[in-house]
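Data block below; observations after.
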Amino acid sequence: MPSTGKLRVIRRTSLIVSAALLAIATISPALAGWGMPTPITDQAQRIQDLWVFTLIIAVAVFFGVEGALLYAIIRFRKKSDELPKQTHGSMALEIVWTSIPVLIVIALFSYSFIVLRDVEKKASDDALTIDVTGFQFSWEFVYNLNDLGKSTQPNAEGQFSIIGTAANEPTFVIPVGEPVEFRLKSNDVIHSFYLPNFHYKLDVIPGRDNRFVITAKETGEFTGQCAELCGLNHALMRFHVRVVDRNEFDKWVAEQAAANGLSVRQP
């Protein structure tokens, strides 16, 4: 049988190893891009900054609490049957462990409020507006030719739609560096418009007009989906967004308008 001293060493080592493994498991998402998709909009970047701030505080609290716990376990472990020195109450300690959580809550609330205010700002007058309709089981994206944001084709009239099917996932296009407002509605049940790279998800509810605004900061093609279980073929409700520069966007709009029998008149 191992001696008492060896048992203590084994227990202490096991405790330290377990704590280290738990810490690694806790912070591993942070080591992989903070556990978030790459933000492609100004609003998504603000949301990710909030996430990182919250994660840092959570990790600091975790190590502070676990460190204090390990210290107490090792420093004040039972060595004999003699009753250790007793301490009853400490005003300074009470103030410290009450003030720290209060300050953390105030910091998180204040930063969250600021980010929420910035992310949910109303659209400016020069924002491109896209009407999004969720239905079982795909999406429709409607562009009004007289509401194309900073358009070089201000005299255009009419509208065209990008409608998805089970066999053909819809792809809509937006210009980079310009505000885009999405107006969401549903024709049947509750859906949820979610594009991971936007870091934003908003329910699409029958009878309600939900809106949000983004400004894309990089070009590329990205994938979104319905994030609300809405029926048997919910998994088919995927869509794509292509972010391009303004000239390419205007060209795409002209092509879509022509395909729908609409004329785009130059100013």
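Given an 8 Å cut-off on Cα distances and at least 6 residues of separation, report the relative contact order of the range 200-266 as a percent.
Value for the range 200-266: 24 percent.
Based on Cβ point charges of +1 for Lys and Arg and -1 for Asp and Glu, what charge dipole magnitude is obtained for the range 70-189 about its Cα centre, in debye rounded to the nearest 20?
Working: 11 positive and 15 negative charges, 231 e Å.
Computed about the Cα centre, the dipole is about 1100 debye.
Could you list which residues have their amide H under 5 Å from that of Val204, counting only those 5 or more apart in sequence or on another chain, with H placed in the peptide plane?
Long-range HN contacts for Val204: His191, Ser192, Phe193.
Can you give the accessible area per residue of the range 180-267, in Å², using a 1.4 Å probe?
In whole numbers, the range 180-267 has 50 Å² accessible per residue.
Once you place label points 7 Å from the Cα toward the Cβ at Ala92 and Ser124, how far apart are they in nm?
The two pseudo-label positions are separated by 5.4 nm.
List the lysines whose Cα sits under 25 Å from the Cα of Lys251, skipping any in the same chain fewer than 8 residues away.
By straight Cα distance, Lys251 reaches Lys150, Lys217.
Contour minus end-to-end for Leu232 and Ala107, with contour as 0.36 nm per residue of separation and end-to-end as the Cα-Cα distance?
Going from the current span to full extension adds 40.7 nm.
Give me the percent of the accessible area of the range 139-267 that comes from carbon and sulfur atoms, probe 1.4 Å, all protein chains in place.
Numbers: 2730 of 6060 Å².
Here carbon and sulfur together make up 45 percent of the probe-accessible area.
Quickly work out the Tyr71-to-Glu218 label distance, labels modelled 7 Å from Cα along the C-beta direction, and quote it in nm with one decimal.
Simple spin-label model gives 4.1 nm for this pair.
Enumerate the amide H contacts of Val176 below 5 Å, restricted to partners 5 or more residues apart or on another chain; note that Pro and chain-start residues carry no placed amide H.
Val244, Asp245, Arg246
Roughly how many Å is it from the Cα centre of the range 222-266 to that of the range 40-80, as a whole number?
Here the two parts' Cα centres lie 42 Å apart.
Can you sort Trp51, Trp252, Trp97 by solvent-accessible area, 1.4 Å probe, largest first?
Trp97, Trp51, Trp252
Where Lys and Arg each count +1 and Asp and Glu each count -1, what net charge lies around Gln159 among other residues with Cβ under 10 Å from its Cβ?
Overall, the nearby charge balance is -3.
The values are calculated or read from the model by the stated rules, or taken from the named source; none is laboratory data. Computed from a predicted model, the values in this text were never measured in an experiment. So basically every Cβ, Gly included, is an ideal-geometry build from the backbone, and we count neighbours across all protein chains shown. Calculation scope for accessible area: heavy atoms of the full protein, side chains included, ligands and nucleic acids excluded. Shrake-Rupley method; radii C 1.70, N 1.55, O 1.52, S 1.80 Å.
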